[in-house]
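What follows is one structure encoded as structure tokens, with my remarks underneath.
A short reminder: the numbers here are calculations on the coordinates, not readings from a lab. Values in this document were obtained by computation on a predicted structure and should not be read as measured data. Cβ atoms come from the backbone with ideal geometry, glycine included; neighbour counts cover every protein chain shown.
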């Protein structure tokens, strides 16, 4: 399993535990620092980052990521993109990605679509679930993909073919990781103390859902 990351604040966290518990090797590769992966991967998870689609002049390695993602999709490699990873997957396969009118920070309810209810990965979360967000950009559904989860006015997850998924929310996180993100944000919707109290109340459920979702991805990946 290849874990493609974009910086020190974005790691596999709970997903890494699950991958290893299932007996798989997890190879972490930081694309901005190391360039294209020098390893073959049976499956790939692409995590988040501070960077954004449209910032290729500042982060030229984004072009490499788009090319890698298109190659994995064409090869049928099981692929899961989270937050920035979902946005780059969407953009690489023909969808619009742009800054949102309002950032998403904190928790909100997500509803599965009819396709999502039958999906092998997100379907394990049930018709409605609370998810954690930390993003200022949003994606549209790529051509040929299906929307599998949404909240009012926004697509929150899609499946492209039978082997690639993009999730805007964060099922992989741990408490300290999230607090690290929020402590550096200047556009929080609530005081950090209030967000921290909410995080402490809800992180257990987020981690449980994350373990279930990662296990389902591993099963779907075969």
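See the values below:
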quantity: Label zone at residue 36, where the point sits 7 Å out along the Cα-to-Cβ direction: segment 66-103 residues whose backbone N lies under 11 Å; calculated: 67-69, 71
quantity: For segment 136-222: rounded, prolate or oblate by the Cα gyration tensor [a/c cutoff 1.5]; calculated: oblate
quantity: Inter-part distance where segment 207-222 and segment 61-126 are each reduced to a Cα centre, Å; calculated: 15 Å
quantity: Potential lengthening between residue 57 and residue 25 on full extension [0.36 nm per residue; Cα-Cα distance subtracted]; calculated: 8.1 nm
quantity: Of 124, 27, 39, the one that fluctuates the most in a GNM where the chain has Cα springs shorter than 10 Å; calculated: 39
quantity: Helical mean residue ellipticity (222 nm; -39500 (n - 2.57) per DSSP H run of 4+; nearest 500) of the chain; calculated: -11000 deg cm²/dmol
quantity: Segment residue 184-residue 120, extension gain: residue separation times 0.36 nm, minus the distance between their alpha carbons; calculated: 19.5 nm
quantity: Beta bridges per DSSP with both ends in the chain, % antiparallel, nearest 5; calculated: 60 percent
quantity: Fluctuation leader among 49, 126, 166 - the chain, Gaussian network, Cα springs under 10 angstrom; calculated: 126
quantity: Relative contact order of segment 89-222, pairs being alpha-carbon contacts under 8 Å that are 6 or more residues apart, as %; calculated: 26 percent
quantity: Choice from 167, 84, 195 with maximal GNM fluctuation in the chain (Cα, 10 Å cutoff); calculated: 195
